[in-house]
Amino acid sequence: MSLTPIGGRPQDDLRQKVTAASLRERKLRHEPITCLTAYDYPSARLIDEAGIDMVLVGDSLAQAILGYENTLSVTMDEMLHHVKAVRRGVKHALLLADMPYGSYQADANEALRNAIRFVKEGGAEVVKIEGGEKRAEVIRRIIDAEIPVCGHIGLTPQSVNTMGGYKVQGKSLTDIEQLMRDAVALDRAGVCCIVLEGIPREVAAMITSEVATPTIGIGAGPECDGQVLVFHDILNLTFALPAKFVRRYGDAAELIRNAVEAFRSDVKSLQYPGDAESYHLPKETKVGLDAVLARKLAMRR
Ligand code: KIV
C-alpha cells in the first residue's frame, strides 16, 4: 500500500528540518552538504522529497526559466514570484533566495528592505549575495536584521561585464590572495555558507580549510564542504553545451520531446483519446438519448 496520499507527501517522512545554524555542524562532521536550484513547485517538491539539504532559488532563473541572456535582467518581483512557488514545495530543505543584480549594490537600506521581502513575502530562510570583501558591510547589516546570508565568490555571474565573460577565476597568485581575503571577510561577517564558483580546486581546497564557514562548490572541485548544481543542467534542459563541471544525471529534454511527439502523433492518427480515456453516460440516459437520436433520424428520412 502506498504511504503517499494523492497530492500529499510520504507520511513516514520524519527527516529533520535543515537550518542555517546546522550547516557549520555538518562541516565539523565532514558531512557533505547537497544543494540544487529550483524555480517552481513541482521541482522543489521532488528535490525536497529526495533529501537534498538546501534548495536555492538562484538568479539563474533568468536563463533557465525566463529565457534572458544573463542574470542581470531578472528583477526582485520575478525572483519573489518563484521563491513563493518553491516555498510551497519545500518542507525539510533550507530555502535560499538569490538577491538579484541591482537589489543590494546601490545602498544598504535598500538591500536590507529587499532581503526582508524575501523572508516576509517569499518565505526564504537565507539570502545569497555575490561578492566578498566589498559586500561585507551590507551582509553584516542583513545578518544584524536576523536574516542568514550565503556568500558567493569566484566566478560571480552578476559581474559578467567586469570579468569580460564567464571565466574561471583565481588563477594568478594575486587573484588567489584576493579570493582568500574575500572568503575571510565573509567568514568574519558571519555568513552561514559560501558558494565557491568557477575556481581551481586547489584554491577552493585552501579556502575550505581556512574558514569555519561551510563552502559549497560549483566548478570548484571535490574538497568543498558541499556541492550545488543547477537543476536544469543536471537534466539537460538548458539548450546549451554544459560547462566542464556539470554532470548530467538525466535527459528531461529527450523525455519531453518524445512525450510531446507521441501526443501529436496520437491525435493526428485518431489514436487519442481512446474509449477508456472518455467519459460515458449513465445507462438510462444513454437509452433515452439513443431513442431521441433514432426519432431524429426517422424524421429526416
Ligand atoms: O543562480 C544560481 O543558480 C547560482 C548557483 C549556480 C550557485 O548562483
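Can you find a residue in region 164-181 that is touching an Asp or Glu at 6+ places or on another chain (Cβ under 6 Å), in contact (Cβ under 8 Å) with a residue 40 or more places away in the chain and buried (at least 22 other Cβ atoms within 10 Å of the Cβ)? For region 164-181, residues touching an Asp or Glu at 6+ places or on another chain (Cβ under 6 Å), in contact (Cβ under 8 Å) with a residue 40 or more places away in the chain and buried (at least 22 other Cβ atoms within 10 Å of the Cβ): absent. Contact annotation: residue pairs with Cβ atoms under 8 Å, 6 or more positions apart or on different chains, pairing a residue in region 229-240 that is farther than 22 Å from His152 by Cα and within 13 Å of the ligand (Cβ to nearest atom) with a partner that is part of a helix (DSSP H, G or I) and modelled with pLDDT of 95 or more, are Thr238/Gln63; Thr238/Ala64; Thr238/His232. The set of residues from region 55-64 being closer than 19 Å to Val127 by Cβ, touching a helix residue (DSSP H, G or I) at 6+ places or on another chain (Cβ under 8 Å) and either part of a strand (DSSP E or B) or of a type outside the set (Gly, Ala, Ser) (or both) comprises Val55, Val57, Asp59, Leu61.
Residue count for region 70-94 satisfying the condition of being part of a helix (DSSP H, G or I) and touching a residue at least 60 places away in the same chain (Cβ under 8 Å): 2. Residues that are within 15 Å of the ligand (Cβ to nearest atom), assigned to a helix (DSSP H, G or I) and over 10 Å from Asp98 (Cα atoms) within region 118-136 comprise just one, Arg135.
Being polar (S, T, N, Q), touching an Asp or Glu at 6+ places or on another chain (Cβ under 9 Å), within 20 Å of Val127 (Cβ to Cβ) and crowded, with 23+ Cβ neighbours inside 10 Å: is that true of Thr37 here?
On the way: polar (S, T, N, Q): yes; touching an Asp or Glu at 6+ places or on another chain (Cβ under 9 Å): yes; within 20 Å of Val127 (Cβ to Cβ): yes; crowded, with 23+ Cβ neighbours inside 10 Å: yes.
Yes.
Going through (1) in contact with a Ser or Thr (Cβ under 9 Å, 6 or more places away or on another chain); (2) part of a loop (DSSP other than H, G, I, E, B); (3) within 16 Å of the ligand (Cβ to nearest atom) one by one, Arg247 falls short only on (1). In the set (1) within 15 Å of Asp98 (Cα to Cα); (2) within 16 Å of the ligand (Cβ to nearest atom), Ile142 fails one condition alone, (2). Taking every residue in region 260-277 that is modelled with pLDDT of 95 or more and pairing it with any residue that is surrounded by 10 or more Cβ atoms within 10 Å (Cβ to Cβ) and in a helix (DSSP H, G or I), at least 6 positions away or on another chain, the pairs with Cβ-Cβ distances below 8 Å are Gln271/Ser265; Tyr272/Phe263; Tyr272/Asp266. In region 103-153, which residues are touching a helix residue (DSSP H, G or I) at 6+ places or on another chain (Cβ under 8 Å) and acidic (Asp, Glu)? Those that are touching a helix residue (DSSP H, G or I) at 6+ places or on another chain (Cβ under 8 Å) and acidic (Asp, Glu): Glu121, Glu125, Glu130, Glu133, Glu137.
In region 95-113, the residue that is surrounded by the most Cβ atoms within 10 Å (Cβ to Cβ) out of those that are more than 16 Å from the ligand (Cβ to nearest atom) and not in a loop (DSSP other than H, G, I, E, B) is Ala111. Within 16 Å of the ligand (Cβ to nearest atom) and surrounded by 10 or more Cβ atoms within 10 Å (Cβ to Cβ): does that describe Gly226? So Gly226 fits the description; yes. Of note, Tyr68 satisfies the criterion of being surrounded by fewer than 17 Cβ atoms within 10 Å (Cβ to Cβ), within 18 Å of the chain's Cα centre (by Cα) and aromatic (Phe, Trp, Tyr). Only one entry in Ile194, Ile207, Ile216 is within 16 Å of the ligand (Cβ to nearest atom), in a helix (DSSP H, G or I) and under 21 Å from Arg140 (Cβ atoms), namely Ile207.
Is it fair to say Ala85 is within 30 Å of Leu241 (Cα to Cα) and in contact with a helix residue (DSSP H, G or I) (Cβ under 9 Å, 6 or more places away or on another chain)? Reasoning before the result, please.
Numbers: within 30 Å of Leu241 (Cα to Cα): yes; in contact with a helix residue (DSSP H, G or I) (Cβ under 9 Å, 6 or more places away or on another chain): yes.
The answer is yes for Ala85.
Mind checking which residues of region 145-191 are assigned to a helix (DSSP H, G or I) and touching a strand residue (DSSP E or B) at 6+ places or on another chain (Cβ under 8 Å)?
Step one: list which residues in region 145-191 are assigned to a helix (DSSP H, G or I), which gives 157-163, 173-189.
Within region 145-191, Pro157, Gln158, Ser159, Leu179, Asp182, Ala183, Leu186, Asp187, Ala189 qualify.
The values are calculated or read from the model by the stated rules, or taken from the named source; none is laboratory data. Nothing here was measured: the structure is a model prediction, and the numbers come from that model. Neighbour counts run over all protein chains shown; Cβ positions are idealised from the backbone, glycine included.
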